[in-house]
Amino acid sequence: MQLEHKKINTINEQNYKSILKNYNFLAQDAVHLESVQALVIKYEEELLDGFYEFIFKFDYAKSFLHNQEILTRHKKGIASWYKALFCGKYDELYFFKLNQISEIHVQIGLPAHYVNAAFSYIRGFLKKIFLKEQYLDVISSLDKILDINLDILTISYRQEEQTKLIDEVLFLKGVVENKNIEAFAQGIYNTKTSKVEKYESLMRLVDVNTKEVRSVFAYLALSKKLKLYESMMRIMVDKTFENFKNKDVDFSLNLSYEDISNESFVEFIYEKINSYDFSSNIIFEILETDFIEDFSIVEEFAKNVRKRGCKIAIDDFGSGFSSMENIMKLKPEFIKIDASLIKNIHINSDSLTIVKSIITMAKQLNSKTVAEYVHNKEVFDVLNSLEVDYMQGFYLSKPMKVDFL
């Protein structure tokens with residue numbers, strides 16, 4: 001009991017009364033809700049049947065409520081919560097129990113949108129009942145208590161997300177200010193010689209405190225919102241060129257449509273190429289999906305870097321919807337086959353058929369093929385038999401610092 005009182009005091013410190021006040025939840029609202037307690041209990045079974053029929057449309061519900069024992073416990077919990085909505089007493093203990101439910105949601109990783117959808121169903125069900133039974137004065141009070149519940153039951157998500165966001169913002173700003181970006185390289189193997197012939201340069205972010213190395217992928221959207229993305233790309237390009245200076249070896253850089261449509265960034269790229277001794281070793285990888293936005297920008301960039309001796313690769317080929325006309329216009333030196341087509345090629349006949357077609361097409365265009373995501377021997381052996389020109393993936397080598405060159 002002492003532990004419970006201690007927890008209730010914690011809830012009290014959060015000032016549950018101010019929550020009620022914020023929603024203009026008055027004593028009369030509590031009276032209204034308590035007055036229909038017998039009515040809502042009468043409809044409890046109907047609500048639960050409809051509720052579970054509704055939530056089982058969600059894949060998460062199917063995976064979470066995967067056996068009868070868990071489902072039975074869940075139903076008891078929902079029924080208890082449902083009846084408590086109309087208890088008429090909304091005090092420390094009531095809010096303490098709501099916070100307990102919220103903490104469980106976070107612990108099991110219940111998505112916030114799932115909670116929102118569930119509330120939407122319950123709100124709609126109860127409003128229909130009150131309209132049918134002519135309890136119109138209860139509807140406003142119902143909205144208030146459901147909004148309060150939704151606020152409490154999702155607040156932990158918001159707190160976690162806010163804390164995570166602040167941490168990520170600080171991390172990214174620190175990365176840019178201190179140039180804590182590494183240009184890792186992953187080997188690209190010549191299938192015939194079984195030797196590394198090229199490298200793909202990949203951005204990695206370094207935590208200055210823990211020295212943890214992180215992939216940039218999870219931070220791309222936020223870096224663009226914070227207007228840090230271009231700075232990160234400039235650091236990445238600088239470090240890539242520094243890694244390969246005085247080394248007569250091919251390397252590739254990934255550029256997005258956003259990069260090559262940015263005039264100041266493209267001028268920066270041209271300057272870097274002009275100052276590099278082995279410009280013919282530089283390959284720019286452009287996502288196939290980026291062609292959709294404005295192919296003329298891609299075409300102009302390709303023309304300008306080729307004038308400087310560089311090559312073009314189409315990255316993730318097979319994942320987008322580019323017209324073959326655009327591919328033929330671009331005449332890429334390399335076509336990198338998307339990982340989604342490679343990873344299961346040893347067990348998926350459709351993937352095998354598509355990759356065969358891409359290899360045949362590439363030969364007709366005088367383009368070399370690179371198979372990405374070669375993650376095991378089975379995939380390696382299939383690609384070997386198809387005579388793909390190059391392979392890349394963890395089975396062959398992982399991205400690493402360029403101090404091995």
Only residues of the range 230-244 count here: report those whose backbone N is under 17 Å from the spot 7 Å along Cα→Cβ of GLU293, or say none.
230-234
Convert each backbone phi in the range 265-277 into a coupling constant with the Karplus relation 6.51 cos²θ - 1.76 cosθ + 1.60 (shift: θ = phi - 60°), then list the ³J(HN,Hα) values in order as whole Hz, x for Gly and Pro.
5, 5, 4, 4, 4, 4, 5, 5, 4, 4, 8, 9, 6
FRET efficiency for GLU168 and PHE394, Cβ-Cβ distance as r, R0 = 25 Å, nearest 0.05?
0.45
If each DSSP helix of 4+ residues adds -39,500 (n - 2.57) and the sum is divided by the residues in the chain, what number results at 222 nm, nearest 500 deg cm²/dmol?
-18000 deg cm²/dmol
Once the Cβ-Cβ distance between SER319 and ALA27 is put in as r, and R0 is 56 Å, what FRET efficiency do you end up with, to the nearest 0.05?
0.40
In Hz, Karplus ³J(HN,Hα) per residue of the range 54-65 (6.51, -1.76, 1.60; θ = phi - 60°; x = Gly, Pro):
5, 6, 6, 6, 8, 4, 4, 4, 5, 7, 6, 9
HN-Hα J in Hz across the range 297-304 - Karplus 6.51, -1.76, 1.60, θ = phi - 60°, x for Gly and Pro:
5, 4, 4, 5, 5, 4, 4, 6
Would you grab the residues whose amide H sits under 5 Å from the one on PHE184? Only those 5+ places off in sequence or on another chain, please, with H modelled 1.01 Å from N.
LEU202, ARG204
Collect residues whose amide H, placed 1.01 Å from N in the peptide plane, falls under 5 Å from the amide H of SER252; neighbours closer than 5 in sequence don't count.
TYR199, GLU200, SER201, ILE283
Pairwise label distance in nanometres, LYS83 with GLU34, each label 7 Å out on the Cα-Cβ vector
1.7
Evaluate the distance, in nm, between pseudo-label points positioned 7 Å from the Cα of ASP381 and of ASN274 along their respective Cα→Cβ axes.
5.3
Chymotrypsin sites (Phe, Trp or Tyr not before Pro) restricted to the range 264-334 and DSSP loop, no more than 16 other C-beta within 10 Å
PHE278, PHE321
Under the 7 Å Cα-to-Cβ spin-label approximation, SER140 and HIS113 lie apart by a distance in nanometres of 3.5
Amide H neighbours of THR369 under 5 Å, at least 5 residues apart or on other chains, H built in the peptide plane: list them.
ILE335, ASP389, TYR390
Mind checking which lysines have their C-alpha under 23 Å from LYS363, skipping anything on the same chain fewer than 8 residues away?
LYS192, LYS195, LYS198, LYS303, LYS311, LYS329, LYS331, LYS336, LYS343
Among the GluC sites (Glu not before Pro) within the range 202-309, which fall in a DSSP loop and have no more than 13 other Cβ atoms within 10 Å of their own Cβ?
GLU212, GLU293
Report the extension gain between GLU197 and GLU44 in nm, rounded to one decimal, defined as 0.36 nm multiplied by the number of residues separating them, less their alpha carbon distance.
48.2 nm
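Coordinate-derived values only; no laboratory data. Everything numeric in this text was worked out from a predicted model, so none of it was measured. Positions of Cβ are backbone-derived with ideal geometry, glycine not excepted, and every protein chain shown enters the neighbour counts.
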